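Some notes on the structure that comes next.
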Amino acid sequence: MCNSNVKSAGVAQIDGRPVLQPAGNRVATPEAARPLKKSLQKSLSMPASLDNAAAATTCAASPENTRAADFVRAAAASLLPPPTPASVSAKATRVSGAKVAAARTAAAAAAMGGLDRSRKPAKKGGAAVLPVVTFAGLEAYEPAGSIAAAQREHVAMAQAQRKMRIAHYGRTASFSRVEGKVSATATGAAELVAGAVTGHDEKRCSFITPYSDPLYVAYHDEEWGVPVRDDELLFEMLTLSGVQVGADWTSILKRRHVYREAFSGFNVDAVAKYTEKQMASLSAEFGLDLGTIRGAVNNACRISEVRRDFGSFSKYVWAFVNNKPLSPSYKYSRKIPVKTSKSESISKDMVRRGFRFVGPTVIHSFMQAVGLTNDHLVSCPRHRVCSSSA
């Protein structure tokens with residue numbers, strides 16, 4: 001049976017020798033200049049007739065059949081395209097990469113404590129979604145100093161700061177610190193409250209900051225809000241309040257001695273007698289605005305008129321508040337207004353009497369300075385001092 005199959009394959013002459021040539025292997029030799037097409041390579045890869053011929057040849061034990069079988073295998077191998085170095089190296093790389101990945105996966109699973117298969121499949125839109133199998137603790141792992149770790153830390157810090165701002169919205173920095181300390185422990189609450197009265201550095205009005213000028217801090221702790229009933233000091237604060245418009249109290253306080261020297265210690269009678277020549281001389285000597293000097297001299301003359309009507313400028317001013325300071329009891333600095341209905345009424349009356357630089361905002365600043373209103377925050381120790389001195 002095997003011999004009949006070999007004979008049916010056919011014999012061909014190659015180099016003068018009879019060689020077994022299967023019928024399915026009779027293919028025209030392609031030209032060397034033109035490469036084979038992919039479809040032709042597939043068709044020539046391994047015909048089924050070659051497998052049958054090789055199987056039939058191995059059945060024979062004669063030398064001729066053995067040589068014929070070897071020739072069939074060689075012919076089949078010659079028809080296949082030779083492997084390129086690139087394909088061989090790519091295949092080796094894939095195999096080695098897969099082995100390395102498998103080894104790393106096994107090592108990570110052993111280090112992290114196995115696979116996390118606790119997630120159940122979820123359904124989205126009626127279709128089941130397969131769970132994602134991850135290593136336990138592998139998701140939270142990030143190499144130290146990586147960009148992702150820095151970004152996560154920055155986002156977490158920003159969220160914490162945002163929550164803190166929301167929690168302490170509307171509170172002053174000093175009030176928040178004291179409130180946090182009081183709520184920290186219930187046993188130390190009495191000690192913190194007792195220490196807040198003596199250590200008022202943390203409890204001053206919120207517009208007094210660690211960067212405030214010491215002169216301004218001293219003015220807040222000793223003069224601002226203290227009831228004043230002396231005419232000369234009232235005249236001084238009225239003048240400084242008018243000059244303070246467009247500037248700040250720190251710069252005015254630093255030049256306070258200049259104003260006192262220019263206006264004769266704010267003696268009402270002496271300033272009311274200033275002539276135009278003296279005003280020009282003071283402006284040139286002390287570098288003061290001539291309009292400011294004229295306004296101060298005019299107000300001194302009006303105060304002299306008020307003295308004749310009310311006996312003193314102090315009685316005239318304190319009559320607007322019934323001789324008792326106003327105490328709004330503000331908790332936050334943002335609640336303190338720049339003018340009030342009371343300052344507007346005082347301003348209208350003073351303008352009617354001929355005073356200058358006495359707008360509602362200036363008068364409200366004047367009222368705060370001379371203690372007509374106690375605008376210290378309730379958390380400030382000076383609030384209690386000014387209230388008791390009234």
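The values are calculated or read from the model by the stated rules, or taken from the named source; none is laboratory data. The structure displayed is predicted, hence computed values, not measured ones. Virtual Cβ from ideal backbone geometry, glycine too; neighbours counted across all protein chains shown. Keep in mind that these areas ignore ligands, DNA and RNA; they rest on the heavy atoms of the full protein, side chains included. Shrake-Rupley method; radii C 1.70, N 1.55, O 1.52, S 1.80 Å.
Here are a few things to note about the model shown:
- Of the solvent-accessible surface of the stretch 228-389, computed with a 1.4 Å probe over protein heavy atoms with every protein chain present, carbon and sulfur atoms account for 51 percent.
- Accessible area (Å², per residue) of the stretch 228-389, counting only protein heavy atoms and a probe of 1.4 Å: 48
- Viscosity 0.692 mPa s, 37 °C: Kirkwood-radius Stokes-Einstein D of the stretch 228-389 over Cα pairs, µm²/s: 200
- Peptides 364-373, 263-272, 210-219, ordered by how many other C-beta atoms sit within 10 Å of their residues on average, highest first, read 364-373, 263-272, 210-219.
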